[in-house]
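Take a look at the structure below.
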Amino acid sequence: MLRAVFTPNKVVSKKVMAMIAITQIFAFFVIWIVMAPKIIPRPMEVLQAFGPLWKQGIAGHLWVSLTTNLIALFFTMVISLFISYSTAISFMRPPAAAISKMRFLGLTGLTLIFTLLIGGGLGLKVAIIVFGMTVFTVTNLVAMIRMIPRERYDHARTLRYSEVRIVWEVVVRGKLDEVFEIMRQNAAIGWMMLAMVEGIVRSEGGIGSVLLTQNKYFNLSAVFAIQIMIFFAGIGTDWVLGTLKGVACPWASLKLERR
């Protein structure tokens, strides 16, 4: 069994994988307790920080962040899918390419523009996150569409589909499982951006606002506790989207070697 664990491309049972995960988690905590610098809070200190944070209403701030991320993810996917699917028309390819290149812009310099256009509050947070995710989503979606083999289009044409029907069958339905994967990646990007955005726009609250306050007063135990909350909230969001993918695209895992 030990040899199989360290052999490339070897498939092991779920029981063995669970044992590996438990061993690695245990090793992680041992390293954290024994080898981490003294300035880093220990696990018990982080655990004790959850109590005061809960009394301060961290659950409400976490809910604000969760809803903000989901709203931003919804608008990101609607905008990105429209732009990317529209590249079937030649007229829309230059705008899609321009939006893709905007991923090199920094968000800090654009905050003022969004504030003047939208104002503040939830709308401003959502706008900043949507921009930050859309430029990468469009890039990934357009690349996904470009990688579709010509044979799939030719096969659809032999069935006498119209060009609109071909886009629907080959691009939209045929790549739905990959769209879900891109959506999961963007949800993770949203959680990474939330702390920064909520630190800029603090009127609506959110876990990023609390994180910035705790970091200002160098309360590292609370900072670590909040990061753990963000981590598990992100894992939960990813699990839900993965479950939705399994329901909507059950065929996606049929050809995977490790499933």
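Of the residues V179, V64, V247, the one that moves most in a GNM of the chain with alpha-carbon contacts below 10 Å is V247. Take the chain with all the other protein chains still there, run a 1.4 Å probe, and you get 64 Å² of accessible area per residue. The modelled label-to-label distance between I22 and M192, using points 7 Å beyond Cα along the C-beta direction, is 3.3 nm. In this view, the solvent-accessible surface of S203, computed with a 1.4 Å probe and all protein chains in place, comes to about 100 Å². In terms of packing, defined here as the mean over residues of other Cβ atoms within 10 angstrom, the peptides 120-126, 131-137 line up highest first as 131-137, 120-126.
Other residues with beta-carbon under 13 Å from the beta-carbon of L122 carry, at +1 per Lys or Arg and -1 per Asp or Glu, a net charge of 0. Here the dipole of segment 1-110 is about 360 debye; that uses its Cα centre as origin and unit charges on the Cβ of Lys and Arg (positive) and Asp and Glu (negative). Remark: the R157-R93 segment gains 20.8 nm on full extension, using 0.36 nm per residue and subtracting the alpha carbon distance. Note on I118 and V172: their simple-model spin labels are 2.7 nm apart, each label 7 Å out from Cα toward Cβ. Fully extending the segment from A59 to V78 would add 4.0 nm, taking 0.36 nm per residue of separation and subtracting the current Cα-Cα distance.
May I ask which residue of I129, Y85, L116 lies farthest towards the positive end of the charge dipole of segment 4-151, with charges of +1 (Lys, Arg) and -1 (Asp, Glu) on Cβ and the Cα centre as origin? The residue sitting farthest along the positive end of the dipole is Y85. Diagonalising the gyration tensor over the Cα atoms of the chain and scaling each eigenvalue by 5 before taking the square root yields semi-axes of 38, 29, 14 Å, largest first. Think of each Lys and Arg Cβ as +1 and each Asp and Glu Cβ as -1; about the Cα centre, that makes the dipole of the chain roughly 600 debye. For segment 148-251, just say rounded, prolate or oblate: build the C-alpha gyration tensor, square-root its eigenvalues into a ≥ b ≥ c, call rounded for a/c under 1.5, and beyond that prolate if a/b exceeds b/c, oblate if not. Prolate, since a/c reaches 1.5 and a/b exceeds b/c. By accessible area, using a 1.4 Å probe on protein heavy atoms only, segment 103-143 has 75% of its surface on carbon and sulfur.
When you count the other C-beta atoms within 10 angstrom of each residue and take the mean per peptide, 227-236, 186-195 line up highest first as 186-195, 227-236. Please report, as a whole percent, how much of the solvent-accessible surface of segment 164-259 comes from carbon and sulfur atoms (probe radius 1.4 Å). Carbon plus sulfur share of accessible area: 64 percent. Considered as an equivalent ellipsoid built on the Cα gyration tensor, segment 20-165 has semi-axes of 43, 25, 15 Å, the largest given first. Peptides 210-218, 30-38 ranked from most to least packed by the mean count of surrounding Cβ atoms within 10 Å: 210-218, 30-38. Summing charges over neighbours of A188, with a neighbour being any other residue whose Cβ is under 12 Å away from its Cβ, gives -1 when K and R count +1 and D and E count -1.
The phi-based Karplus calculation (6.51 cos²θ - 1.76 cosθ + 1.60; θ = phi - 60°) puts the 3J(HN,Hα) values of segment 85-91 at 5, 6, 5, 4, 9, 4, 4 Hz, whole numbers, x for Gly and Pro. With only Lys, Arg, Asp and Glu charged, each at its Cβ (+1 for the first two, -1 for the last two), find how big the charge dipole of segment 148-259 is about the Cα centre; round to the nearest 20 debye. Approximately 260 debye in magnitude. As a calculated quantity, the FRET efficiency between V240 and L107 at R0 = 35 Å, using C-beta atoms, amounts to about 0.85.
The values are calculated or read from the model by the stated rules, or taken from the named source; none is laboratory data. Being a predicted model, the structure only gives us computed values, none of them experimental. All Cβ positions, even for glycine, are placed from backbone atoms using ideal geometry, and neighbour counts span all protein chains on display. In case anyone asks, the SASA skips ligands and DNA or RNA and just uses the protein heavy atoms, side chains included. Shrake-Rupley method; radii C 1.70, N 1.55, O 1.52, S 1.80 Å.
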